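**Student:** This is the structure, below, for whatever I ask next.
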């Protein structure tokens, strides 16, 4: 009987056996290893599609049912499934289960805060998760500050950048680190756009007319200088008074926009 998750209906077969431990006939550790190795293979895809996220979620849940005291699958699920907005609920479920199994591990509420902030756009719940992480002995000293800032300034890019840079500093997986650095650039763009758009409003109120170009903001002393665009491009003043980057993704972070 083929049990490897790479063929046929094996994932559903493994899942069925994991729900009825007696059917494993004492081979729970072996079956857990099979599910885990398949999950690692799926998670290594550089460009995961929805089916890949679905498969990863099923495999990790199966593996955890076989071996609930293996910490890494909970974290892998929280980190990688959290990158897919459709699977953020599954990511949070795995993190919550991990937090119950390992209440001494601050990483579980930490990544919960990340998903609630960036994927679900809820800075309040994100901040509360970070407060839980901060209460665990051995957690980083910066967490209480970050939690309080997220709770009080949740929609400000500066808070997001502190969070992302701290995550990037401790990340060792190259693919995950590259993803975090890309998100940092996107948030830096949002920060700069907000600064420039506020400056345009101040310039217009002071001069009685909107600026014709962004350089006018620096010329009038409204800003010290025009920020450097993180992607190596430049910021453009549009006819409607908004600012955009000529290289960054056009979609802006809704969670960071002011209400």
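Here, each number is a calculation from the coordinates, and none is a lab measurement. Because the structure is a prediction, the values reported are computed rather than measured. Please note: Cβ atoms are built from the backbone with ideal geometry, for glycine as well, and neighbour counts cover all protein chains shown.
**Student:** If you work out semi-axes √(5λ) of the Cα gyration tensor in Å from the coordinates, which of (i) 31, 22, 17; (ii) 45, 20, 13; (iii) 26, 20, 19 do you get?
**Tutor:** (ii)
**Student:** I would also like to ask the following. What is the angle, in °, between the Cα long axis of helix 88-101 and the longest principal axis of the Cα atoms in the chain? Nearest 10 is fine, range 0 to 90.
**Tutor:** That helix lies at roughly 60 degrees to the long axis.
**Student:** Students often check this: by mean Cβ neighbours within 10 Å, which of 211-222, 78-89 ranks highest, and how do the rest follow?
**Tutor:** So the order, starting with the most tightly packed, is 78-89, 211-222.
**Student:** Sort the following peptides by mean Cβ neighbour count (other Cβ atoms within 10 Å, averaged over residues), highest first: 238-245, 59-66. List each step's numbers first, then the result.
**Tutor:** Numbers: 238-245: 12.4, 59-66: 24.0.
So the peptides 238-245, 59-66, ranked by packing, come out 59-66, 238-245.
**Student:** With each pseudo-label sitting 7 Å past Cα toward Cβ, what's the residue 231-residue 12 distance in nm, one decimal?
**Tutor:** Distance between label points: 4.2 nm.
**Student:** Angle between the Cα long axis of helix 50-66 and the longest principal axis of the chain, 0 to 90 degrees, nearest 10?
**Tutor:** Computed tilt is about 50 degrees.
**Student:** In which sequence would 204, 209 go, from the one with the fewest C-beta neighbours within 10 Å to the one with the most?
**Tutor:** Result, fewest neighbours first: 209, 204.
**Student:** How many nm separate the modelled label positions at residue 145 and residue 197, each set 7 Å beyond the Cα in the direction of the Cβ?
**Tutor:** Simple spin-label model gives 2.9 nm for this pair.
**Student:** Calculate the spin-label point distance for residue 170 paired with residue 207, positioning each point 7 Å from the Cα along the beta-carbon direction, and give it in nanometres.
**Tutor:** Placing both labels 7 Å beyond Cα along the Cβ direction yields 4.6 nm.
**Student:** Taking 0.36 nm per residue of separation and subtracting the Cα-Cα distance, what length does fully extending residue 52 through residue 25 add? Write out the running numbers ahead of the final one.
**Tutor:** Details: separation 27, 0.36 × 27 = 9.72 nm, distance 2.95 nm.
Additional length available on full extension: 6.8 nm.
**Student:** May I pose another question? Kindly provide the helix-only [θ] at 222 nm of the chain, computed as the sum of -39,500 (n - 2.57) over DSSP H runs of four or more divided by all residues, to the nearest 500 deg cm²/dmol?
**Tutor:** Mean residue ellipticity at 222 nm (helix-derived): -18000 deg cm²/dmol.
**Student:** Something else about it: Which of the peptides 131-143, 106-118, 182-194 is most tightly packed, and how do the rest follow, going by the mean number of other Cβ atoms within 10 Å of each residue?
**Tutor:** Those peptides, ordered most packed to least, come out 106-118, 182-194, 131-143.
**Student:** Report, to the nearest 10°, how far helix 28-43 tilts away from the longest principal axis of the Cα atoms in the chain, using its own Cα long axis and a range of 0 to 90°.
**Tutor:** Result, in degrees: 30.
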